[in-house]
Amino acid sequence: MSFLDRISECPAPDLSACRSFKVDGLDLGWVKADFAQSLGEFTDVFRVTDGSVELAEGLKGFDSRTGAIDGALRVLAGRGVIKDWRDEFFPVGESFAEPALFNMDRSAVPLFGVWAYGVHVNGYIEDGDGLKMWIGRRSLDKPTAPGKLDQIVAGGQPAGISLKENLIKECQEEASIPSDVVNRAVPVGGISYATERPEGLRRDVLFNYDLELPSDFQPVNTDGEIAEFYLWPIERVMEVVRDTDEFKFNCAMVVIDFLIRRGYIEPDHPQYVELLSGLHR
């Protein structure tokens, strides 16, 4: 097995059987045929054709779109068509830089194949024994990747708050990291991908942060999303990412990005170029 195997677990999706999702003529995502058929019932919200799913012509403006879409999706969630309803809005737009055209419950985002965003934190310490990284194990009742390994902190980017506000919130909820420590987090870029997962089409941009933590820090989870934490030497982290699929697929990619930036995977590694390109799709 190899680091590249982790990238290969995130293959590009086959969109040939999908319909484009359009709003005001903008291509925002992709919808599978069976879900498009479910949306077609709501003729006052969606216009479904053989090639596309569009919002009804009368839906203009952020609030109008958000309310109409949310109403239809709640009906589908009640029928079990949409699983694991979150009651958490994600913004939907053409790009991160553009204003959101509407908000949508997080559970439906991969069903529409629209862009989603998140923050991931590489929490580590450096002492006389070298660099060690804090790793979290996801709770068994998580709707996605239960029991898989994760960063010390990671979370989706909800509507209505900034990346920095979300970073502070997630750090406090997932690991009880005080805000004065969180303020030391260094933004170090990100990764992006589009791939098919059990929950649907994931098109994500993850904003990554490195955070050196005090050597005596002990993370404590408060939101029930992490079952336990481990402080591992970076060599063990490398081995687990390279040789197993224990990490959640995108969390493994965040670790690989860290290993490249910190020089643990060097340019003469035989897969170096493929790893770089695989982290930014």
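The values are calculated or read from the model by the stated rules, or taken from the named source; none is laboratory data. Here the structure is a predicted model, which is why all the values come from computation and not from measurement. We place every Cβ from the backbone using ideal geometry, glycine too, and count neighbours over all the protein chains shown. Each accessible area value is taken on the protein alone, full model and side chains, heavy atoms only, with ligands, DNA and RNA left out. Shrake-Rupley method; radii C 1.70, N 1.55, O 1.52, S 1.80 Å.
Of the numbered conditions (1) at positive phi; (2) more than 15 Å from the chain's Cα centre (by Cα), A145 satisfies every one except a single condition; which is it?
(2)
Quick check, is D129 open to solvent by 10 Å² or more (accessible area, probe 1.4 Å), more than 14 Å from the chain's Cα centre (by Cα) and at pLDDT below 95?
The answer is yes for D129.
So how many residues does the stretch 193-218 have that are open to solvent by less than 20 Å² (accessible area, probe 1.4 Å) and either without any contact (Cβ under 8 Å) to a residue 24 or more places away in the chain or not hydroxyl-bearing (S, T, Y) (or both)? Write out each step before concluding.
Applying the first criterion (open to solvent by less than 20 Å² (accessible area, probe 1.4 Å)) to the stretch 193-218 yields 193, 195, 200-201, 204, 206, 208, 210-211, 213.
Within this subset, residues satisfying the condition of being either without any contact (Cβ under 8 Å) to a residue 24 or more places away in the chain or not hydroxyl-bearing (S, T, Y) (or both) are 200-201, 204, 206, 208, 210-211, 213.
Number satisfying all stated conditions: 8.
I want to confirm something. Restricting to the stretch 110-155 and keeping residues that are part of a strand (DSSP E or B) and aromatic (F, W, Y), which single residue is nearest to T195 (Cα to Cα)?
The first filter runs over the stretch 110-155 and keeps only residues part of a strand (DSSP E or B), leaving 115-127, 130-138, 149-151, 153-155.
Restricting the remaining residues to those that are aromatic (F, W, Y) gives 115, 117, 124, 134.
Working: W115: 12, Y117: 14, Y124: 29, W134: 27 Å.
Among those residues, the one meeting the criterion is W115.
Which one is surrounded by the fewest Cβ atoms within 10 Å (Cβ to Cβ) among residues in the stretch 70-109 that are in a loop (DSSP other than H, G, I, E, B) and acidic (D, E)?
Once the filter is applied, the top-ranked residue is D87.
Taking only pairs six or more apart or across chains, which ones have beta-carbon atoms under 6 Å, a first residue in the stretch 221-238 that is in contact (Cβ under 8 Å) with a residue 24 or more places away in the chain, and a second residue that is charged (D, E, K, R) and open to solvent by 40 Å² or more (accessible area, probe 1.4 Å)?
Qualifying pairs under 6 Å: T222/E173; D223/E173; A227/R137; E228/R137; L231/K132; P233/K132.
Looking only at the stretch 52-69, count how many residues are in contact with a strand residue (DSSP E or B) (Cβ under 7 Å, 6 or more places away or on another chain) and at pLDDT 95 or above.
Qualifying residue count, the stretch 52-69: 8.
Test D50 against the stated conditions and say whether it is within 22 Å of F102 (Cα to Cα), open to solvent by 70 Å² or more (accessible area, probe 1.4 Å), more than 23 Å from the chain's Cα centre (by Cα) and in contact (Cβ under 8 Å) with a residue 24 or more places away in the chain. Break it down stepwise before answering.
Numbers: within 22 Å of F102 (Cα to Cα): no; open to solvent by 70 Å² or more (accessible area, probe 1.4 Å): yes; more than 23 Å from the chain's Cα centre (by Cα): yes; in contact (Cβ under 8 Å) with a residue 24 or more places away in the chain: yes.
Against the criterion (within 22 Å of F102 (Cα to Cα), open to solvent by 70 Å² or more (accessible area, probe 1.4 Å), more than 23 Å from the chain's Cα centre (by Cα) and in contact (Cβ under 8 Å) with a residue 24 or more places away in the chain), D50 does not qualify.
Out of the stretch 53-69, which residues are of a type in the set (G, A, S) and open to solvent by 30 Å² or more (accessible area, probe 1.4 Å)? Step through it out loud before you land on a result.
Looking only at the stretch 53-69, we keep the residues that are of a type in the set (G, A, S), and these are 56, 58, 61, 64, 67-68.
Answer for the stretch 53-69, where residues must be of a type in the set (G, A, S) and open to solvent by 30 Å² or more (accessible area, probe 1.4 Å): G58, G61, S64, G67.
Filtering the stretch 132-144 down to residues that are within 18 Å of E173 (Cα to Cα) and basic (K, R), which residue is least open to solvent (accessible area, probe 1.4 Å)?
The residue in question is R138.
Tell me, which residue of the stretch 16-46 that is at pLDDT 95 or above and assigned to a loop (DSSP other than H, G, I, E, B) is least open to solvent (accessible area, probe 1.4 Å)?
V45
Inside the stretch 223-266, can you point out the residues that are part of a loop (DSSP other than H, G, I, E, B), touching a Lys or Arg at 6+ places or on another chain (Cβ under 7 Å) and over 21 Å from Y193 (Cα atoms)?
E225
For the structure I just gave you, tell me whether G147 is closer than 18 Å to W232 by Cα and crowded, with 17+ Cβ neighbours inside 10 Å.
Considered against the rule, which asks whether it is closer than 18 Å to W232 by Cα and crowded, with 17+ Cβ neighbours inside 10 Å, G147 comes out as no.
Scan V186, V182 and give me the residue that is open to solvent by 70 Å² or more (accessible area, probe 1.4 Å) and within 28 Å of S95 (Cα to Cα).
Values: V182 fails: open to solvent by 70 Å² or more (accessible area, probe 1.4 Å).
The unique qualifying residue is V186.
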